[in-house]
1. Report the full-extension gain for the segment residue 42 to residue 190: residue separation times 0.36 nm, less the Cα-Cα distance, to one decimal in nm.
2. With labels modelled as points extended 7 Å from the Cα through the Cβ direction, what inter-label distance (nm, one decimal) is found for residue 248 paired with residue 279?
3. Which order do peptides 7-19, 26-38 fall in by mean Cβ count within 10 Å, highest first?
4. Taking the Cα centroid of segment 146-183 and of segment 23-51, what is the distance between the two, rounded to the nearest whole Å?
5. Could you work out the relative contact order of the chain, using alpha carbon pairs under 8 angstrom and six or more residues apart, expressed as a whole percent?
6. Just from its helices, what would the mean residue ellipticity at 222 nm be for the chain, if runs of 4 or more DSSP H residues each count -39500 (n - 2.57) and the sum is divided by every residue, rounded to the nearest 500 deg cm²/dmol?
7. Roughly what % of DSSP beta bridges within the chain run antiparallel, to the nearest 5?
8. Helix 249-265: angle to the longest alpha-carbon principal axis of the chain, degrees 0 to 90, nearest 10?
């Protein structure tokens, strides 16, 4: 029944014996109901994605973790996920874990993790273990975290509930995103806890759905060249995303660009200046 309730900022939701969720007060087009922060453990604690700089959210997390917080894990360094780590670390002394910010726009360049997690690394609390899974695509430094006792995967922005993920070049990479989704199919996972939205109870089916969605969108982009070839990105967007509200086209433009870069690497299109040409 939890999945049908609205997500309310600051409300604590018990998702499992080991996991609580509290959502930041930053709802919006790109964040849905807000950024989910997860508190893992019952004795020694870990926080996953402390969220944006927000005094009410910080105060809520501090209230919930008390003096038991040992780790602050960040799935990636977009501004709605990692900036809250600095104040939380200063208040608790907890170790920050993640990957440094890449040298591109819209990143939390002030995030310098105490421990740079590599694919497969694990932290162990008294009653849990969290394994890092490198999942580049939405961001080059994106990590998911697998709660091994419960087979629960914290996916940040790799998989979100109720929305597709925006892939923004140059840091976002459509080829890597699809590969990372495919790699999740090999994991023994029964549930997903996303960075935005409610838990997803069918993780493998959701990964397959997202792969199919992206490949279907790719075919719509290819078909859009039938009306204009060569074409600019702005000329392709309203055709390839005709099924999407025009107010979302500026965001869709980013993912379309990522698709074109993939198609170019696949040898299906080529770029000359601002124009892209579909190869015969």
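Bear in mind these aren't lab numbers, they're just calculated from the coordinates by the rules spelled out. A quick note: this is a predicted structure, and the numbers were derived from the prediction, not measured. Note that we place each Cβ from the backbone using ideal geometry, even for glycine, and neighbour counts take in every protein chain shown.
1. Gain on extension, residue 42 to residue 190, equals 51.2 nm.
2. Placing both labels 7 Å beyond Cα along the Cβ direction yields 3.2 nm.
3. Per-residue Cβ counts within 10 Å, averaged per peptide and sorted highest first, yield 26-38, 7-19.
4. Result: 16 Å between the Cα centres.
5. Values: 581 pairs, mean separation 32.6, N = 280.
Taking the mean separation of contacting Cα pairs over the length of the chain, I get 12 percent.
6. Numbers: 6 runs with 77 residues, N = 280.
So the helix-based figure for the chain works out to -8500 deg cm²/dmol.
7. Working: 31 of 44 bridges.
Given both bridge residues lie in the chain, the antiparallel proportion sits at roughly 70 percent.
8. Helix 249-265 sits at roughly 70 degrees to that axis.
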